[in-house]
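The values are calculated or read from the model by the stated rules, or taken from the named source; none is laboratory data. Keep in mind that what you see is a predicted model, and the values were worked out from it rather than measured. Cβ atoms come from the backbone with ideal geometry, glycine included; neighbour counts cover every protein chain shown. Heads up: the accessible areas ignore ligands, DNA and RNA and are worked out on the full protein's heavy atoms, side chains in. Shrake-Rupley method; radii C 1.70, N 1.55, O 1.52, S 1.80 Å.
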Amino acid sequence: MDEKKAYLLSGQTSSLNLESARYALDKHSLVSVTDLEGVIVYVNDLFCQVSGYSKEEILGKKHNILNSGAQTKAYWKAMHDRVLSGHVWHDEVRNRAKDGHYYWVDTTIVPNFDSNKQVIGFTSIRTDISKQKETIEQLEIAKLQAEAAKFALDQHSLVPMADIDGKISYVNEQFVRVSGYSREELIGRKHSILNSGNQPKSYWQKMHGTVLSGQVWQDEVKNRAKNGQFYWVDTTIVPNYNSKNEVVGFTSIRTDITHQKEHLEQIAIAKQQAEAAKFALDQHSLVSIADIQGNITYVNKQFEKISGYTKEELLGRKHNILNSGNQPKSYWQKMHGTVLAGNVWHDEVKNRAKDGTFYWVDTTIVPNLNTRNEVVGFTSIRTDITQQKENIERLAKAKKEADAANQAKKDFLANMSHEIRTPMNGVYASLQLLSRNEMPFEQRELVNQSLFSCECLLTIINDILDFSKIESGELKIEQITFSMRNTIESVLSDVMPTVNKDKVELTFSYADNLWDTWLGDPVRVKQVILNIVSNAVKFTESGEISIYAAPEEVNNGGSGISVVIKDTGIGMSQQMIDNLFQRFSQADNSTTRKYGGTGLGMSITQSLVAQMGGKLLVASKERVGTEFRVFLPLKKSEERTVVHSNPTLVKCPNLENKTVLVADDNTINRVIIKKALAPSKANVIEVENGELAMDMALKHGPDIVLMDIQMPVMDGITAFRMLRQKSFNAPIVAFTANVLKHDVERYLDEGFSACISKPLDIDAFYKVITTFFE
């Protein structure tokens, strides 16, 4: 019967996986199917969305309805011949949508075969790559622009490069032409070869100190060419840095200004340069000039374009014609006071265009001064940043949505844990209570196996919660003293019920010099070793599983411990090893069906090892076995308080003449507690909500209250608060399936005397109860 259930479950899992894959494909790709003549018989929703055609318009047609004319008839014939011969065809294709616009798709066409392996049609998978194509085109344009800019620079300027000692390592053709020296004569020499003697040695020392300190140096320099003639260059020298941000050399950009210096033409050239700068400014910015009263006296074309007003509508008006009402009157009064005092003012401003739309401008306003240094007006330079503002707003919205989604995920995981743990409590606690009774060996074996299955299910639930903590960075690693041998022996105790003792030998050994007590997180250390050993047991049908622990020194002189787990199981290929630590995946998908598991265990194991500063290495060979090596850089503890002992059943405390009030809306949970407390001879009162719990506590004065948190009518926290307000001082213990660390901390901070988690661990339950009656 178990095999039949496993088979049915396997089929359901495969079906779900197939449906998931198909769903993902439909969301990502344009899918169509045609018959042998190329008539379309199926398209998915994304195909219709991108093409613009409805299914009714597409079905029964051929793909030439999308023909953009970008490919020749011969191209399509070659494609058709290839797939008709049973081969896969792949290329990037430009299509025409219903509305006439073009789009590109990365296309794969595969033939469909009947049972006789005859081609009966074709399936096409297309991915919309229009944006990638546009990006590539933009990159090509950018590359051409960059090359054009370099070409322009080489045509315009003299460009040399030098190392940290000032030796020339590169010169462009313009440098060679103006200086008169060949490249061979210049490389390896210093710029002093061009020294005209016009500047003293101290001048060059100061220049060298400036660029060596990482600053830009600029000046006009008189040089001597090879033929002895002098020429002037407007020179800018910038330092070059290595990856360590150290100056390793210098790049110089020199403009030959000989003619400007020697002739009046420099005036015309300077005018051209000023006009070019003004042109660039006009293309990029909104420029306006106002008089001392704020009346606009000049606007450029960009100002007109963005504001929507003509020059005639703006001249003589004040800038408040653009006021969006986003800033109060005091804001503008402060701005006006700033520039009137001769200072520059800068801010981002929201304006209203003529058509009523809003736009944002990064604004700088500078005062205009007369010859007596008096403010006579203002010049404003504005950059349109509307798009950037919208992008920032979208990013903020996206972050808010992402935060909400992340919180929703956390809430879902917490709720899922609660909803599973509640019914699990009835099963797990009942089995524990059964195991305390005398019974035949066969029955005890069944109970023990059922207990182990419950613990496996709890492990899966905890794996999911641990993964969520790791992913959000909330998992904390403790530092307490623990026994490594005790920890590994506990692992052996946990997995021993699942070992086929007739075929598999499970052993544990350790080096003679192994120190036993260490500082670390025993829960997480055990979790790492247990995950690996559990996998070894799962995948080893015969042979041996060995665990070996030994001390290991680290390079910085610190201490650590190495644990090696070897098995003679099914082993793994290199591809399987590469997938081993991926989230929600296993070394081989077939293992999910044959051996079970969530695919989270090894991902969590690797994350835990990394968070503890350790390393996890794996070596494996198919059909030979696997070896895991875990290294943890732990510190030795001098404390010797760790006791090596096998776990024993905790006795139920004697609560004769004591009253226990149990508040839980789940009948089974109340029955379990009552059964667990039966040997104690306590008087147990049961209620199903917080309101009744408060009434019965005040009426009967129980010695202890076990309070569920999530209950109808009145929840456990509200009932706790009201009882304390009414001076009820007996212990109140939270009995809950909310077991996340922050939940437990919240209940203890609230004032609960203790917290008992569901599903109930009977030993832990007795220990907690005993502490209140010792």
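Observations, loosely collected:
- Listed values for the stretch 679-691 are Karplus-derived 3J(HN,Hα) couplings in whole Hz (6.51 cos²θ - 1.76 cosθ + 1.60, θ = phi - 60°), namely x, 7, 6, 6, 8, 9, 10, 10, 9, 10, 7, x, 5, and x replaces Gly and Pro.
- Percent accessible area from carbon and sulfur atoms, the chain, protein chains only, probe 1.4 Å: 53
- FRET efficiency for residue 156 and residue 346, using Cβ-Cβ distance with R0 set to 30 Å, rounded to 0.05: 0.40
- Subtracting the Cα-Cα distance of residue 771 and residue 636 from their residue separation scaled by 0.36 nm leaves 45.4 nm.
- Mean Cα-pair separation over length for the stretch 151-197, i.e. relative contact order, pairs under 8 Å, 6 or more apart, %: 32
- Taking the stretch 15-129 and dividing mean pair separation by its residue count, relative contact order in percent (alpha carbons under 8 Å, at least six apart): 27
- Contour excess over end-to-end distance, with Cα ends at residue 56 and residue 91 and 0.36 nm allotted per residue: 9.9 nm
- A straight chain from residue 513 to residue 196 at 0.36 nm per residue would run longer than the Cα-Cα distance by 106.3 nm.
- For the pair the stretch 701-768 / the stretch 332-362, the C-alpha centres are spaced 60 Å from each other.
- By the Stokes-Einstein formula, at 0.890 mPa s and 25 °C, the chain with its Kirkwood radius over alpha-carbon pairs has D equal to 68 µm²/s.
- Look at the dipole of the chain built from charges on Cβ: of 668, 437, 628, the Cα furthest out on the positive end belongs to 628.
- Rounded to the nearest 10 degrees, the angle from helix 601-611 to the longest Cα principal axis of the chain is 60 degrees.
- Inter-label distance, nm, simple model (7 Å from Cα along the C-beta direction), residue 336/residue 749: 5.2
- Label-point separation in nm, residue 397 to residue 498, each point 7 Å along Cα→Cβ: 4.8
- Scattering curve values for the stretch 281-384, log₁₀ I(q)/I(0), Debye with Cα scatterers, q = 0.12 Å⁻¹: -0.36
- Under 17 Å from a label point set 7 Å out along the Cα-to-Cβ vector of residue 627, the amide N atoms of the stretch 493-536 belong to 507-511, 533, 536.
- Relative contact order (percent, whole number), the chain, Cα cutoff 8 Å, 6+ residue spacing: 6
- Rounded if a/c under 1.5, otherwise prolate or oblate - the stretch 659-771, Cα gyration tensor axes: rounded
- Applying 1/(1 + (r/R0)^6) with r as the Cβ-Cβ distance of residue 386 and residue 295 and R0 = 30 angstrom yields a FRET efficiency of 0.70.
- Between residue 435 and residue 280, the simple spin-label model (points 7 angstrom out along Cα→Cβ) gives 7.9 nm.
- Solvent exposure of the chain, expressed per residue, is 57 Å² of accessible area, with all protein chains present and a 1.4 angstrom probe.
- Per-residue ellipticity at 222 nm from helix content only, as computed over the chain with -39500 (n - 2.57) for each DSSP H run of at least four residues, stands at -14000 deg cm²/dmol.
- Centre separation in Å (Cα based) which lies between the stretch 285-302 and the stretch 121-158: 38
- Label-reachable residues, the stretch 278-304, where backbone N falls under 20 Å from a point 7 Å from residue 357's Cα toward its Cβ: 283-287, 300-304
- Rounded FRET efficiency, nearest 0.05, which uses the C-beta distance separating residue 39 from residue 75 and R0 of 25 Å: 0.80
- From the C-alpha gyration tensor of the stretch 15-129, square roots of 5λ in Å: 21, 20, 13
- For the stretch 35-77, GluC sites (Glu not before Pro) are listed when DSSP marks them as loop and at most 15 other Cβ atoms sit within 10 Å of their Cβ; the list is 37.
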